[in-house]
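Asks: Structure in structure tokens, see below.
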Amino acid sequence: MATAVTGASQTRGQLSREDETLLILARLMEGGQEDDETIRDLDELTKLLNQDSQLTQASSKGPAASATGNPSICSVLDADCVDTMLSYLDMRQPDAVRGHAVLTTAAYLKAAGDDGAAKLSSFFRDRVRRGTYDDCILAFCVAASTFPIVPDLTATLFLTQGFLASLGPLMRRKWKSRKVETACLEMLNAACIHSACRDAVLKYCADWLEEVVDQDPAQVAHEFMTQDPDSSGASSVTMRRHSEAVQNLAAVILAKLRAMPPSAASLDDQASGRQAGQSQSHERIAPAVTTLDDLSSRFTNMLLKDDDNHSTPHSVEGLAYASLQPKVREDLAHNKKALAKVVKTLSNAQAKSPLTYGALTILVNLTRYQPALSEEQKKMHQLKAYANAAGSKAQPSDPLVDDKHVAERCKLVFDAGVTPVLVSRSKSVSPASLALIVSIIFSLSVTASLRGQLAQQGAVKLLLSAWHALPETETAGRRTAAQALARILISTNPTLVFGGSRSHPQSSAIRPLLSILPPDPAADTRDLLPTFESLMALTNLASTDDMDTRRAILRTAWPHVEEQLLSGHALVAKAAVELVCNLVQAPEGMALFADGSARAGNRLHVLLALADAESEGTRSAAGGALAALTGHPNVVRAIVERDRGVEIVLGMCGEDSEDMRHRGGFVVYNMVVAEGEAGAMARKKILERDGLEVLKRAAKRSRRAEVVEVVLEALKVLLEGGGGAGGGS
């Protein structure tokens, strides 16, 4: 057997790419293979098609020739070969085979270009024209599978005149095929990702979809038995009864139609479409109206009753769309059993699966805050509301979307134990799902009381890993991860969060935080909240005894920090100077203000101006930085030589706040005890500016011992008329 396999491999290796392709297709056409053999052949064909696509990308001759001058393997794929490949998308194929066939089809359509599109179109139209059950099943399955691959092409086929209108009679046939029903609904479900197709489904299919959903199986069986008492063994197909799975899938489609608003053109056509649908059915008196609330209740009950996970994908997908409505979000968040089942479903689902993405989407909808609006945007929204009201009273926004209700829902989601599940899932999900996980943590981090628990449960490491794992093109997801990280680090002790971790040291948070210091270049309006939160988080990191963290911030973020010192927004400037107050504790930070250069002098000038700002918090932080910096004689000299420099320092000593007087006292003490010429200049200038009286008043007003002590020490030096052995802070 080993010899035979080796010989076959050698023979295969000598085949041209075209011959190898035909050999694979011959085996697929013949059929009768085991599933794993079929999957292996499909994977080989996918590999060849992907290679072919790469070769033809460099060629300007189109898909018929490769960059090497050899013919493309697509040239040997005739209509029969394409039919064979597409037939493996049939729902009657095993799920594993069908999944690999989707990849093969995607590779073919990319490699074959216009010729592949033409063959796909011909295949679909021919099958629909034949109209047998088998042909309809296969056509619908192919359409459902190709919508995500080539949505515009498939939409063109789907919107062929008369096609959608023909589905109602097909679904209402007396003798039904459950597989036809399922295949048709899978196609409609996939079509709803395309807005034009969704509008068309709403126009032509909404009525009979509601018939399917509203059908009572017990009532259908009763009526059938009443008409024919001798048919006790009749099947559900014979009784024209829709299966539960078919009803659930129809409900998902209706949820998509109800959750996503139709276009204006669709609204104009909907009435005529409804009339056309009614004229084809003599069994309905009035159209049913299934609301999104009704559908949500159905999906919730499905989710809670489903013990074998048979209908969970449908219930989760339905709730993912239904929860776009505020009332559905509120009801679901307060249903502890349903919320716990969503979290459990997320925990048990395969990492890269529609079920995982659907469960995450539900949680995103439950926790999403409304975007913050600038004053200008608020005015524009008001004007639009007045215009849309058309003279009538404008409807107020739904109170269920305000921050108070969202915060409450976030607390309920957190209490359901979602954080450990998100941490576990984040290690193996797709980038799209990872972005949803980040969005959920971001919303939870808005509530300050949850931040410590988020950190304890692994959210910080999750966000750090996500920031690095998300592609650089996913700027929104990366900024969201960085801002959520900033919020958590503002409210927690970095030493406890990182705890000496080697994989995620404290300094590993600096790059993500730095990424949101500048405003988002892609945003329409300038949002300074990420900048503020980043500065606050960096300040907290720099407050620890980890000198390496301070040095890393200075090395990577200083130009941005220095720029924010000049921010016109008071809170941003305050946060920046608080960070500087911590950074100057490092020798490298002090050198930026004390190396005697012109740039250092300019920086000190900015710091003095901030020590005289309107905001007490800004003055306090600037005073703290000066208390550290004035231990260096160059800084003392620069303050003395700066216009109003000494006046600003003495002004701090005259503040009402004990903290401000404490900082001012330290700065004055450091200046008067400075050695050499700098100290002499400082003592002279302070005395000239009535420093003795200022310090005496500060000592009399102060009640805290440490404030009185430092002020009296400064007075003593001035009265004795000489400096000491250097300053301290």
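Asks: Seen from all sides and averaged, what is the projected area of the convex hull of the Cα atoms in the range 537-637, in nm²?
Replies: Projected area, direction-averaged: 5.7 nm².
Asks: Residues with beta-carbon under 15 Å from that of I193, excluding I193: net charge, scoring Lys, Arg +1 and Asp, Glu -1?
Replies: Its environment carries a net charge of -2.
Asks: Hey, another quick one. For the range 443-560, take N as its residue count and report Rg(C-alpha) divided by 2.2 N^0.38 Å.
Replies: In units of the globular-protein estimate, the range 443-560 measures up at 0.99.
Asks: Could you tell me which of rounded, prolate or oblate describes the range 14-158, using a ≥ b ≥ c as the square roots of the eigenvalues of the alpha-carbon gyration tensor, with rounded for a/c under 1.5 and, failing that, prolate when a/b is larger than b/c and oblate otherwise?
Replies: Oblate.
Asks: Using +1 at the C-beta of Lys and Arg and -1 at the C-beta of Asp and Glu, which of I24, V150, T84 has the Cα lying farthest in the positive direction of the dipole of the range 14-158?
Replies: Going by the Cα projections, it comes out as V150.
Asks: Measuring from centroid to centroid over Cα atoms, what is the spacing of the range 341-363 and the range 478-516 in Å?
Replies: When both Cα centres are located, 27 Å separates them.
Asks: A further question follows. Run the numbers for E34 and M91: contour at 0.36 nm per residue of separation, minus the present Cα-Cα distance, in nm. Walk me through the intermediate numbers first.
Replies: Working: separation 57, 0.36 × 57 = 20.52 nm, distance 1.71 nm.
Between E34 and M91, full extension yields 18.8 nm more.
Asks: Count the net charge of all other residues whose Cβ sits under 9 Å from the Cβ of C141, scoring Lys and Arg as +1 and Asp and Glu as -1. Please list the in-between numbers first.
Replies: Values: positive: R92, R98; negative: D90, E186.
Surrounding charge for C141 is 0.
Asks: Please give the direction-averaged projected area of the C-alpha convex hull for the range 588-729, in square nanometres with one decimal. Could the numbers behind the result be given before it?
Replies: Details: hull surface 29.9 nm².
The number I arrive at for the range 588-729 is 7.5 nm².
Asks: Among residues other than R551 whose Cβ falls under 14 Å from its Cβ, what is the net charge (Lys/Arg +1, Asp/Glu -1)?
Replies: Numbers: positive: R550, R555; negative: D545, D546, D548, E588.
So the surrounding residues net to -2.
Asks: Could you sort out which of K179/K427; K327/K461; K337/K404; K110/K352; K110/K327 sit more than 32 Å apart by Cα distance in this structure?
Replies: Correct reply: K179/K427; K327/K461; K110/K327.
Asks: Same structure again: Between the range 90-108 and the range 524-592, how many Å separate their Cα centres?
Replies: 53 Å
Asks: Using only C-alpha positions, report the orientation-averaged shadow area of the convex hull of the range 87-215, nm², one decimal.
Replies: Details: hull surface 30.6 nm².
Computed as one quarter of the Cα hull surface, the answer is 7.6 nm².
The numbers here are math on the coordinates, done by the rules we state, and not lab data. Just so we're clear, the structure is a prediction, and the values are computed from it rather than from any experiment. Backbone-built Cβ (ideal geometry, glycine too); neighbour counts: all protein chains shown.
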